[in-house]
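As structure tokens, the structure follows; a few thoughts come after it.
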């Protein structure tokens with residue numbers, strides 16, 4: 001089985017004491033590639049450093065909507081400079097989150113649009129975060145892009161209508177460990193069979209969203225556990241896990257412009 005964890009936060013302090021072991025366990029589990037996702041200037045810089053020091057690891061740079069109130073032109077320019085690294089393969093995590101409103105709506109929208117422009121300038125695909133934006137997220141994307149968008153909806157949790165809109169825009173769909181959780185993942189399990197196989201990615205969002213069965217024994221998620229996400233997706237879609245893992249691996253490499261070898 002060949003696996004690519006398309007979204008992790010290995011820069012998180014949860015891994016300060018055993019990062020090497022975490023990466024090694026991922027490789028043993030068949031996870032040969034890992035995307036480490038930035039959420040602000042500091043975490044993006046750390047993600048790039050980890051990626052540069054570890055084979056099979058890559059980084060994205062960006063400002064999460066929660067942190068939009070701390071963003072500035074200086075921050076965006078710093079991220080552009082970081083993206084010159086050969087290990088930076090995406091821009092994000094960026095988007096809109098009107099659930100907790102850690103940053104005001106107008107501020108989120110301003111820096112979301114600025115980051116869309118920066119990603120386009122740097123020629124990078126996007127990693128999107130969206131929560132309860134009431135259609136505003138898609139409205140901004142549709143008004144910004146004239147062509148299909150090269151990017152992924154991280155931790156997709158939308159309905160059938162939202163899935164169709166994302167697919168129509170050309171986006172990939174990221175599936176997390178939520179799909180393995182009995183009650184919380186019920187709606188997502190109904191959505192998974194509707195995603196074209198060439199648009200599916202799997203991810204951990206580590207250290208968050210630990211999948212079952214690992215969550216029964218450990219709280220902290222890690223890239224090795226993306227295998228449980230893949231196995232559940234294969235079960236739901238009634239597909240051979242090894243064949244599906246190869247297709248999803250190829251999807252992820254194609255999106256991030258990474259050699260599959």
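Regarding the stretch 47-61, can at least one residue be identified that is farther than 24 Å from residue 249 by Cα and crowded, with 16+ Cβ neighbours inside 10 Å? Looking for residues that are farther than 24 Å from residue 249 by Cα and crowded, with 16+ Cβ neighbours inside 10 Å, one finds none in the stretch 47-61, hence no.
Being buried (at least 17 other Cβ atoms within 10 Å of the Cβ) and in contact with a helix residue (DSSP H, G or I) (Cβ under 6 Å, 6 or more places away or on another chain): is that true of residue 37 here? It would help to see each step written out before you state the result.
Numbers: buried (at least 17 other Cβ atoms within 10 Å of the Cβ): yes; in contact with a helix residue (DSSP H, G or I) (Cβ under 6 Å, 6 or more places away or on another chain): no.
So residue 37 does not fit the description; no.
Residues in the stretch 222-261 that are in contact (Cβ under 8 Å) with a residue 60 or more places away in the chain and over 18 Å from the mean Cα position of the chain (by Cα): 241, 242, 246.
Scanning the stretch 50-81 for residues that are touching a residue at least 24 places away in the same chain (Cβ under 8 Å) and under 25 Å from residue 18 (Cβ atoms) turns up 50, 51, 52, 54, 56, 57, 58, 59, 60, 61, 64.
Within the stretch 50-57, identify whether any single residue is within 18 Å of the chain's Cα centre (by Cα), over 19 Å from residue 150 (Cβ atoms) and in a loop (DSSP other than H, G, I, E, B), and answer yes or no.
The first filter runs over the stretch 50-57 and keeps only residues within 18 Å of the chain's Cα centre (by Cα), leaving 50-51, 56-57.
When the remaining residues are screened for being over 19 Å from residue 150 (Cβ atoms), the result is 50-51, 56-57.
Keeping just the survivors that are in a loop (DSSP other than H, G, I, E, B) gives 56.
Yes, that holds for at least one residue.
Among the residues of the stretch 205-216, some residue qualifies, meaning at least one is part of a strand (DSSP E or B), surrounded by 23 or more Cβ atoms within 10 Å (Cβ to Cβ) and in contact with a strand residue (DSSP E or B) (Cβ under 9 Å, 6 or more places away or on another chain). Within the stretch 202-221, being more than 14 Å from the chain's Cα centre (by Cα) and under 25 Å from residue 64 (Cα atoms) holds for 210, 211, 219, 220, 221.
Specify the residue that is farthest from residue 247 (Cα to Cα); the eligible residues are those in the stretch 2-40 that are in a helix (DSSP H, G or I) and without any contact (Cβ under 8 Å) to a residue 40 or more places away in the chain. Of everything passing the filter in the stretch 2-40, 13 is farthest from residue 247 (Cα to Cα).
If you check residue 257 against the conditions, is it surrounded by fewer than 17 Cβ atoms within 10 Å (Cβ to Cβ), within 23 Å of residue 150 (Cα to Cα) and touching a strand residue (DSSP E or B) at 6+ places or on another chain (Cβ under 7 Å)? It would help to see each step written out before you state the result.
Numbers: surrounded by fewer than 17 Cβ atoms within 10 Å (Cβ to Cβ): yes; within 23 Å of residue 150 (Cα to Cα): yes; touching a strand residue (DSSP E or B) at 6+ places or on another chain (Cβ under 7 Å): yes.
For residue 257, the condition - surrounded by fewer than 17 Cβ atoms within 10 Å (Cβ to Cβ), within 23 Å of residue 150 (Cα to Cα) and touching a strand residue (DSSP E or B) at 6+ places or on another chain (Cβ under 7 Å) - is met.
Are any of the residues in the stretch 175-183 part of a helix (DSSP H, G or I), without any contact (Cβ under 8 Å) to a residue 24 or more places away in the chain, under 26 Å from residue 59 (Cα atoms) and out of contact with any strand residue (DSSP E or B) (no Cβ under 9 Å at 6 or more places or on another chain)? The answer is no; no qualifying residue exists.
Bear in mind these aren't lab numbers, they're just calculated from the coordinates by the rules spelled out. Fair warning: this is a prediction, and the values are worked out from it, not measured in the lab. With ideal geometry, Cβ positions are generated from the backbone for all residues, glycine too; neighbour counts draw on all protein chains shown.
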